[in-house]
1. For the range 105-129, which residues satisfy the criterion of being farther than 15 Å from Met39 by Cα and either modelled with pLDDT of 80 or more or in a helix (DSSP H, G or I) (or both)?
2. If I go through the range 219-240 residue by residue, how many of them are surrounded by 19 or more Cβ atoms within 10 Å (Cβ to Cβ) and away from ligand 2 (no atom under 16 Å from the Cβ)?
3. How many residues does the range 199-222 contain that are of a type outside the set (A, V, I, L, M, F, W, C), within 12 Å of the chain's Cα centre (by Cα) and under 21 Å from Trp277 (Cα atoms)?
4. Determine whether the range 186-206 contains at least one residue that is surrounded by fewer than 19 Cβ atoms within 10 Å (Cβ to Cβ) and aliphatic (A, V, I, L, M).
5. Taking interchain pairs and intrachain pairs at least six residues apart, which have beta carbon atoms under 6 angstrom, with the first residue in the range 36-62 and farther than 11 Å from Ala127 by Cα and the second surrounded by 16 or more Cβ atoms within 10 Å (Cβ to Cβ) and among the acidic types (Asp, Glu)?
6. With the requirement that a residue be closer than 10 Å to Ile159 by Cα and within 16 Å of ligand 1 (Cβ to nearest atom), what does the range 204-219 give you?
7. Name the single residue that is modelled with the highest pLDDT among those in the range 373-413 being within 16 Å of ligand 2 (Cβ to nearest atom), surrounded by fewer than 21 Cβ atoms within 10 Å (Cβ to Cβ) and not in a loop (DSSP other than H, G, I, E, B).
8. In the list Phe281, Phe339, Phe304, which residue meets the criterion of being surrounded by 13 or more Cβ atoms within 10 Å (Cβ to Cβ), more than 16 Å from ligand 2 (Cβ to nearest atom), under 22 Å from the mean Cα position of the chain (by Cα) and not polar (S, T, N, Q)?
Amino acid sequence: MAEALAQVALTWSGKIWEAILGKVGEYLVAPIGLQFTYMFYFNYNLTELETQLEKLKTTRQDVEMGVDENHRNVRVVGSNVEAWLKSANEVTTEVGRIIQDKAEVQEGCLNGWCPNLKLRYSLSRKAVEKTEVVINLKAAGISYSKSSYNPSPAYMETITNGDFTGFESRRLIMEEIIEALQHDEINLIGIYGTGGVGKTTMVKEVAKRAKEDNLIDEVAIAVVGQNPDLTNVQACIADMLGLELGGKTSPIMRASLLRRRLLQDNKKVIVILDDIWVDQFDLHGMSTDLHGIGFPLGGANKNFKMLYTSRTRDLWHDIRTKKEIHLDLLSEEEAWRLFRQKAGDSTDSPDLKPIAEQIVNECGRLPSALVLVGTALSKKSGRNYTKQIWEAMLDRLSCARSTRVDEDPLQEVQEEFATVANALAKKNH
Ligand SMILES: Nc1ncnc2c1ncn2[C@@H]1O[C@H](COP(=O)(O)OP(=O)(O)OP(=O)(O)O)[C@@H](O)[C@H]1O
Ligand SMILES: [Mg+2]
């Protein structure tokens, strides 16, 4: 009887026969009735399983976020959480197989007629059983999840600002740095060069490239400066790695946590220390080196690398695994291109071009000066006095050059520019 009913029912379209025969099923003896229920409610049972699986996946994502957060903070995850995640993954795979088989059953159906009744029955039954497992697992997972998590650390978008132009001279240095980063015997790479030559811009671009090319997993950067606050340097690096140092006030504990985090999982990590002036630091009254701050140079780990920038050469001269790379001024042609890029199209006008060439010359192939002066002049272009403004700028720059007292060209140009800008502002208003 059951077979005959099924034959008739299956030629009808889905919902109608499910509704009618569902009712008929109520009057059948228990086991046969149950078999019919599985067949008739096939679609419902599988859809319910898919819905519950989605809920389980959401909970699993939450639990995984918590595990990641703990991991970033060098905290060990409890074995209950690990076991739960293992079960969640296994059940997800099993349900995935049932859902795949559902497609097979549906493919074999024509106008509601499904010849593969056996598979239809067994799948529907499995779906009901698994739904219960999924619901219970999800309920257990709730206790391992929180309502909010710290976001994963932000990477490149916060590090680079798109300032970099890939001039040939810069491209070559970048290649050299990237090569050093991949060298097993090198773990400390110093980029040195005159103020304003583009060291910071370069290392940020290197970090971006290395990340894009999957040469590194994580990167963190901190500015050290002339009067370093090392607690702040540690905090900056930890922040970028998603590591909370907050509660740890002792410098040794902070350094130890940082070191463990940097060596965790043998991940490829680069720490960039920008603008270094000295190679011995003062940390809470104690003289310390890089190791004392928490940077694990030395030792067997080949995955941790450190990059620094400095105006001074030959820092940490006793570290054998160090490579120093000099960043030179731009070539004449590159200097012209950078200035033109910043000052705009008016640079090519016949009355301004000769002045522009002299201005570029005065900027001494130094990116910072070219960017500063070029950008400032672009803002003044199109005005009545454009030519006079450019001439005035040239005058002031030449003057600065002939009366040079300070070794720092960037500072000189900046000071000069401030004077020029003030004078020009008065003239224009
Ligand atoms: N390759 C480049 N393309 C475009 N602009 C650049 C490039 N390199 C440097 N600059 C510009 O030059 C200026 C100075 O660069 P940067 O701050 O990197 O110099 P620095 O060597 O780190 O200087 P300091 O020694 O003062 O820290 C910035 O405005 C930067 O945008
Ligand atoms: Mg710098």
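1. Glu107
2. Applying the first criterion (surrounded by 19 or more Cβ atoms within 10 Å (Cβ to Cβ)) to the range 219-240 yields 219-222, 224, 228, 230, 233-234, 237-238, 240.
Right, trim to away from ligand 2 (no atom under 16 Å from the Cβ) and you get 219-220, 230, 234, 237-238, 240.
Here the count works out to 7.
3. 0
4. At the first step, the residues of the range 186-206 found to be surrounded by fewer than 19 Cβ atoms within 10 Å (Cβ to Cβ) are 186, 195, 200.
Now restrict to residues that are aliphatic (A, V, I, L, M): 186.
Yes; the residues of the range 186-206 include at least one that is surrounded by fewer than 19 Cβ atoms within 10 Å (Cβ to Cβ) and aliphatic (A, V, I, L, M).
5. Going by the 6 Å Cβ cut-off, the qualifying pairs are Phe40/Glu18.
6. Looking only at the range 204-219, we keep the residues that are closer than 10 Å to Ile159 by Cα, and these are 204-205, 207-208, 219.
Once the filter is applied, which keeps residues that are closer than 10 Å to Ile159 by Cα and within 16 Å of ligand 1 (Cβ to nearest atom), the range 204-219 yields Lys204, Glu205, Ala207, Lys208.
7. Gln411
8. Numbers: Phe281 fails: under 22 Å from the mean Cα position of the chain (by Cα); Phe339 fails: under 22 Å from the mean Cα position of the chain (by Cα).
One residue alone meets the criteria, Phe304.
The values are calculated or read from the model by the stated rules, or taken from the named source; none is laboratory data. Keep in mind the model is a prediction, meaning the values are calculated, not measured. For neighbour counting, all protein chains shown are included, and Cβ atoms are generated from backbone atoms with ideal geometry for every residue, glycine included.
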